[in-house]
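A short worksheet on the structure shown next.
The values are calculated or read from the model by the stated rules, or taken from the named source; none is laboratory data. Fair warning: this is a prediction, and the values are worked out from it, not measured in the lab. Cβ placement follows ideal geometry from the backbone for every residue including glycine, while neighbour counts extend to all protein chains displayed. Please note that ligands, DNA and RNA were not included when accessible areas were found on the heavy atoms of the full protein model with its side chains. Shrake-Rupley method; radii C 1.70, N 1.55, O 1.52, S 1.80 Å.
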Amino acid sequence: MKTWGWEMLCDLGYCDLASIKNPEHIKAFASYLVEKIDMVAFGEPIVVNFGSGDKEGYTLVQLIETSNITAHFSNDTCSAFVNVFSCKPFETSVVLDVLQAFFNPRFIKHTLHDRISYMH
């Protein structure tokens with residue numbers, strides 16, 4: 001077994017509603033995060049609003065050369081759920097700082113998982 005990559009899962013509570021409902025702001029977040037964690041974007045960020053009722057909100061997909069950044073933003077709860085997955089290491093503190101700056105949540109709960117390859 002060896003570490004193949006790292007996945008950071010972030011739950012943001014009580015975000016600024018205007019920021020999570022603005023697709024241009026979400027795209028700017030993706031571009032800025034890619035730059036700050038020293039990744040290379042593969043194409044433009046995809047940001048789509050869908051869902052209904054308490055599930056409605058924007059979803060972000062940003063491919064990076066070493067994997068992806070995804071997020072879903074919940075209008076109903078002012079929450080965001082962000083994943084950063086990469087086989088290239090990145091600074092978790094930088095991800096947290098960027099999330100705080102762009103979405104101003106009252107709290108961020110996060111975990112970091114090593115993704116393991118079982119091939120030798």
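The GluC sites (Glu not before Pro) of region 1-110 meeting both criteria, a DSSP state outside H, G, I, E and B (loop) and at most 13 other C-beta atoms within 10 angstrom of the site's C-beta, are E65, E91. Computing the accessible area with a 1.4 Å probe over protein heavy atoms, can you report the carbon and sulfur percentage for the chain? Here carbon and sulfur together make up 54 percent of the probe-accessible area.
Taking every Cα-Cα distance in region 62-107 and sorting them into 10 Å bins from zero, the calculated P(r) comes out as 23, 53, 22, 2 percent.
Across region 23-33, rounded Karplus estimates of 3J(HN,Hα) from the backbone phi angles (6.51 cos²θ - 1.76 cosθ + 1.60, θ = phi - 60°) give x, 5, 5, 5, 5, 4, 4, 4, 4, 5, 5 Hz, Gly and Pro being marked x. Per residue, the accessible area of region 1-54 comes to 59 Å² when a 1.4 Å probe rolls over the protein heavy atoms. Across region 12-19, computed HN-Hα scalar couplings (Karplus, 6.51 cos²θ - 1.76 cosθ + 1.60, θ = phi - 60°) run 10, x, 6, 6, 5, 4, 4, 6 Hz from first to last residue, x flagging Gly and Pro. Choose one answer from T70, T59, T92: the residue with the largest mean-square fluctuation in a GNM of the chain with alpha-carbon springs under 10 Å. Taking springs between Cα atoms under 10 Å, the residue moving most is T92.
Hey, what number do you get for the chain at 222 nm if only DSSP H runs of n ≥ 4 count, each worth -39500 (n - 2.57), divided across all residues, to the nearest 500?
Mean residue ellipticity at 222 nm (helix-derived): -7500 deg cm²/dmol.
Helix 92-103: angle to the longest alpha-carbon principal axis of the chain, degrees 0 to 90, nearest 10? With rounding to tens, the tilt is 20 degrees. Seen from all directions on average, the chain presents a Cα convex hull projection of 7.4 nm².
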